[in-house]
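Contents: one structure, followed by commentary.
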Amino acid sequence: QVQLVESGGGLVQAGGSLRLSCAASGSMFSGYTMGWYRQASGKQRELVAIITSGGSTNYADSVKGRFTISRDNGKNTVNLQMNNLESEDTAVYYCNAKKYQTSIQYTQYWGKGTLVTVSS
């Protein structure tokens, strides 16, 4: 069992920066793929960035070059550095942890989310 708690959301002007953090507790952290997702009002939740247990990363096209995901397995944290924020980045950002038991079956956990509002 994994519990995830996000922090760092807030209000920022377009062009500014914000750093989100996700703290994991309750289970081993290093074996999970960690990700950040976001959900804007009236839209579906979408992938922002992921980072594997080995440190490989992937990003949504809309945030490439602006956002950076990182993790610290020793501290059981995953971070999302967001630079050059745009109004379109406004959303609730969720931390996700995912681990496959088989090639098909997996377990995942979600945080409660943190709101990021980018003013224009």
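The values are calculated or read from the model by the stated rules, or taken from the named source; none is laboratory data. Please read these numbers as outputs of a predicted model, since none were measured by experiment. Backbone-built Cβ (ideal geometry, glycine too); neighbour counts: all protein chains shown. All accessible areas refer to the heavy atoms of the entire protein, side chains included, with ligands and DNA or RNA removed. Shrake-Rupley method; radii C 1.70, N 1.55, O 1.52, S 1.80 Å.
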Aliphatic (A, V, I, L, M) and open to solvent by 70 Å² or more (accessible area, probe 1.4 Å): is that true of L115 in this structure? yes
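Condition check ((1) under 15 Å from Y32 (Cβ atoms); (2) at pLDDT below 95) across all residues:
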| residue | (1), (2) |
| --- | --- |
| A49 | yes, no |
| D61 | no, no |
| K64 | no, no |
| I69 | yes, no |
| E88 | no, no |
| V92 | no, no |
| Y100 | yes, yes |
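Results for (1) among the aliphatic types (A, V, I, L, M); (2) more than 25 Å from E86 (Cα to Cα), shown as yes or no for each residue.
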{"residue": "A14", "(1), (2)": "yes, no"}
{"residue": "L20", "(1), (2)": "yes, no"}
{"residue": "G26", "(1), (2)": "no, yes"}
{"residue": "Y37", "(1), (2)": "no, no"}
{"residue": "R45", "(1), (2)": "no, no"}
{"residue": "S53", "(1), (2)": "no, yes"}
{"residue": "S56", "(1), (2)": "no, yes"}
{"residue": "D61", "(1), (2)": "no, no"}
{"residue": "G65", "(1), (2)": "no, no"}
Conditions: (1) modelled with pLDDT of 95 or more; (2) under 15 Å from the mean Cα position of the chain (by Cα); (3) small (G, A, S). S53 meets all but one. Number of the miss? (1)
